[in-house]
Amino acid sequence: MDKTISTLCLASLFAALSGCGGGSGSSAVAVTPPPTPPVAPTAPVGEADTSGARGALLFNPPPLARSLDPAGLVQALGRLGEFGTQVLAVAGQPKCGVDFHQFEYSTVGAAGETTTASGSLMVPSGSDPACSGKRPLLMYGHGSSTQRNVRLGDLTPGAPFAGTSATVAALYAAQGYIVVAPNYAGYDTSKLSYHPHHIADQHAKDMIDALTAARKAFARLPHPVVENGKLFLTGYSEGGYVTMATHRAMQAAGISVTAAAPLSGNYAESVSYETTLGSPEVLRGLGQVGTESMLDLVLQFTAWQKAYGNLYAAPTELYQPGYAASMETLAPTLLPVGSLVGSGKLPPHLLARDMPGYASLSAAEQINFGTPEQSLLKSAYISALFNDIINHPCPVTASTAPLDCKPAHPMRAAWFKNDLRTWVPTVPVLMCGGHGDDEVPFNNATLTQAYFNAHGVAPKLVTVLDVDTPALANDPYASAKSVFAEARRRVVASNGDPTSQENYHGYMAFAGCNVAARDFFKTFE
């Protein structure tokens with residue numbers, strides 16, 4: 001994604017939440033020129049479907065946001081500075097022009113309520129043989145964001161997810177793929193007041209509804225497109241999680257998927273929560289949580305509450321009274337995250353000094369805790385969660401039955417419900433990540449692979465790639481590993497920290513794994 005969740009990740013706590021962020025591809029070493037004005041979508045014309053039925057396309061054909069020929073796409077990448085240059089280098093020269101359509105569709109929220117969402121439909125055009133005739137279709141899931149104004153397809157420098165949009169357009173649409181890239185419910189023009197973060201069932205429905213809606217537009221576009229029957233799924237970070245949840249649901253529904261590449265996602269959702277929150281060092285880490293990480297927690301808590309309705313009977317059970325009333329509508333936000341504490345929308349501390357164990361902390365650690373009035377969460381609620389983890393351990397790292405657990409605490413039950421180790425794929429899957437990723441630990445991939453193998457999946461069907469390793473002889477992912485290594489070199493050359501979440505997860509692994517997915521899918525074209 002185009003923001004970093006560094007403080008919480010550095011603390012290695014609530015990693016399954018903070019690890020849902022995604023790489024934007026906009027690293028600390030990229031040079032960003034002054035923003036250029038965005039191109040406004042054309043006014044909606046044609047048919048309007050306001051039925052609210054799942055998969056309804058609100059405007060058909062969807063508005064055209066911008067149309068770039070190959071030279072225009074190269075220029076747009078150039079405006080993204082060094083990062084855009086790197087994208088062009090790894091993607092290759094565009095074969096096709098790309099029409100970026102902003103489409104809106106009907107879907108559901110976490111509780112099944114009718115709502116809307118939007119996305120980008122990237123359509124190849126041009127005279128090259130790769131740009132016409134029946135084309136493969138790719139769905140891309142983006143990383144998480146606490147900001148509401150997420151709009152994929154916007155390549156304007158400084159726009160949220162401009163780096164992700166550029167990467168997807170260059171790697172796929174400009175090479176002949178039809179691309180459907182949803183923004184998800186709760187972002188952009190969506191009518192939903194919250195984002196159903198890591199609610200697997202909702203994510204899958206959202207993606208399937210986006211695909212259903214987008215397909216209705218294909219024949220009515222300025223450059224009509226026709227599918228060739230091949231459907232690929234990929235996405236990074238939260239998008240990696242969304243990809244696997246969608247693949248699971250599509251397989252269950254009989255929707256044919258050619259191959260899937262979930263990248264750096266928290267598929268083994270419960271592992272990080274269980275291992276970090278059950279640690280004796282948990283208070284030391286939670287005391288370091290800053291504003292953006294608090295907002296991430298609010299985003300997740302709201303999603304669980306909306307989905308299951310049992311995290312609390314009233315927000316004051318979880319939140320301190322001074323903040324409880326506004327938490328369910330705070331994230332995602334259009335406000336600058338840095339302004340939330342100063343404006344009184346968030347407190348300066350996550351936890352209060354009445355937390356059990358506070359007295360055992362050093363003086364330097366105690367200053368990170370406030371009075372109840374200066375803190376966000378109720379100590380009694382969080383203490384009960386910790387105690388349930390400690391007193392009723394679950395086999396979360398087992399390969400056969402990792403979810404064989406009956407947690408008593410409703411928050412704990414929520415993350416078990418969204419752990420994706422409940423199915424086995426029947427088509428090829430690539431899970432890519434990096435072993436040095438503190439934001440999304442690499443064991444999410446290895447533990448999920450172990451579960452698949454223990455339940456009868458042939459080892460050759462599921463590939464786990466550590467992009468932070470040397471290329472081997474005849475390595476099919478040599479290019480991806482080279483891209484990762486070059487990104488790391490650039491970080492170091494600019495005096496950046498290659499181990500930081502911003503650089504490792506948000507730039508280096510993002511770049512390498514997206515190239516790996518592209519190379520993986522090429523074998524099925």
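Just so you know, all these numbers are worked out from the coordinates, no wet-lab data involved. Predicted model only: the values in this text are computed from it and were never measured. Because the Cβ atoms are built from the backbone with ideal geometry, glycine has one as well, and the counts that use them run over all protein chains shown.
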With x for Gly and Pro, the residue-by-residue ³J(HN,Hα) of segment 359-375, computed from phi through the Karplus equation 6.51 cos²θ - 1.76 cosθ + 1.60 at θ = phi - 60° and given in whole Hz, is 5, 7, 7, 6, 4, 5, 7, 5, 5, 7, 10, x, 5, x, 5, 9, 10
Working from the alpha-carbon coordinates of segment 271-397, get Rg over Rh, Rh being the Kirkwood radius.
0.95
Sort MET294, MET327, MET508 so the one with the fewest other Cβ atoms within 10 Å of its own Cβ comes first.
MET327, MET294, MET508
Within the set LYS205/LYS417; LYS134/LYS481; LYS481/LYS522; LYS95/LYS134, which residue pairs have Cα atoms separated by over 27 Å?
LYS134/LYS481
If you count, for each residue, the other Cβ atoms within 10 Å and average over each peptide, how do 196-208, 57-69, 367-379 line up from highest to lowest?
196-208, 57-69, 367-379
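Stokes-Einstein at 37 °C, 0.692 mPa s, Kirkwood radius from Cα pairs: D for the chain in µm² s⁻¹? Show your work: numbers first, answer last.
Values: Rh = 23.1 Å.
Estimated diffusion coefficient is 142 µm²/s.
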Per DSSP helix of 4 or more residues, -39500 (n - 2.57); summed, then divided by the residues of the chain. What does that give at 222 nm, rounded to the nearest 500?
-10000 deg cm²/dmol
Descending Cα extents along the principal axes, segment 379-496, whole Å:
50, 42, 17
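So for each of 302-311, 126-135 I average, over its residues, the number of other beta carbons within 10 Å; can you give me the resulting order with the highest mean first?
Details: 302-311: 20.1, 126-135: 14.8.
Ranking, from highest mean packing down: 302-311, 126-135.
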